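The values are calculated or read from the model by the stated rules, or taken from the named source; none is laboratory data. Just so you know, these numbers come straight off a predicted model, no measurement behind them. Cβ coordinates were reconstructed from backbone atoms using ideal geometry, including for glycine residues, and neighbour counts include every protein chain displayed. These accessible areas exclude ligands, DNA and RNA; they are computed on the full protein's heavy atoms, side chains included. Shrake-Rupley method; radii C 1.70, N 1.55, O 1.52, S 1.80 Å.
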Amino acid sequence: MGITVWARRGPVAAAPALESDTDAQGWGRLEEEVRACVRCGLHAGRTQTVFGVGPHTATWCFVGEAPGAEEDRRGEPFVGRAGHLLDAMLRALALNRKEVFIANVLKCRPPGNRDPQPSEVAACLPFLRAQIAAVRPRIVVALGRFAAQSLLATDLPLSRLRGSLHHYEGVPVVVTYHPAYLLRRPADKAAAWADLKRAQEIATHE
């Protein structure tokens, strides 16, 4: 990895239904629904939606906050500087991008990369829920405060969520720092590495 060691939300819309968690046609319909989504105002400023990438049967699922400018342009999550760091994090775990499922809570870029608003999270979270239900990962890694709070339906700060094992719909969840934060605060990379090693241990024994 290039290192020594390595809101409370309101009511949400119903999750889109997949005919089967492993049904390729159902997955395609979900992706099309995301592409056509106008549930919140973010659709007006997007270049394209950012659905997520990775196999539908991945053991690992990484969840971030929202697309940035490069993600909005390319339609793929984590492809900017933070994405390069995430790739390095994966390599440190002997993983690569093709083996894991990567998505964001929001599928459209907030203007100016501002924080997601509660109404936007409420509108978009059902898509992520459907994705996780379809993939059935052994472990979910929540990257940053918004991903963790959205998945776990909590207002607790990241400092309280890190270091503990959580569950989302029966799936273990480990909370760590967002790669963009680690670019600003490289001193915390060692703590993030500890989080990832914990996730690796859980995924191995699930």
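Dividing the alpha-carbon radius of gyration of the chain by the rule-of-thumb value 2.2 N^0.38 Å gives 0.94. What the Cβ-Cβ distance of residue 88 and residue 57 gives, at R0 = 30 Å and to the nearest 0.05, is a FRET efficiency of 0.80.
Simple spin-label estimate for residue 35 and residue 114 gives 3.0 nm between the two label positions (7 Å along the Cα-to-Cβ direction from each Cα). Ordering 184, 97 by accessible surface, largest first, gives 184, 97; the 1.4 Å probe counts only protein heavy atoms, with every chain in place.
Assuming charge only on the beta carbon of Lys and Arg (+1) and of Asp and Glu (-1), the dipole of the chain about its Cα centre is about 580 debye to the nearest 20.
When both bridge partners sit in the chain, DSSP labels roughly 25% of those beta bridges antiparallel.
Helix-only arithmetic for the chain: the sum of -39500 (n - 2.57) across DSSP H runs with n ≥ 4, divided by the residue total, places the mean residue ellipticity at 222 nm at -12000 deg cm²/dmol. In the neighborhood of residue 115, defined by Cβ-to-Cβ distances under 12 Å, what is the net charge if each Lys or Arg adds +1 and each Asp or Glu adds -1? So the environment of residue 115 carries a net charge of 0.
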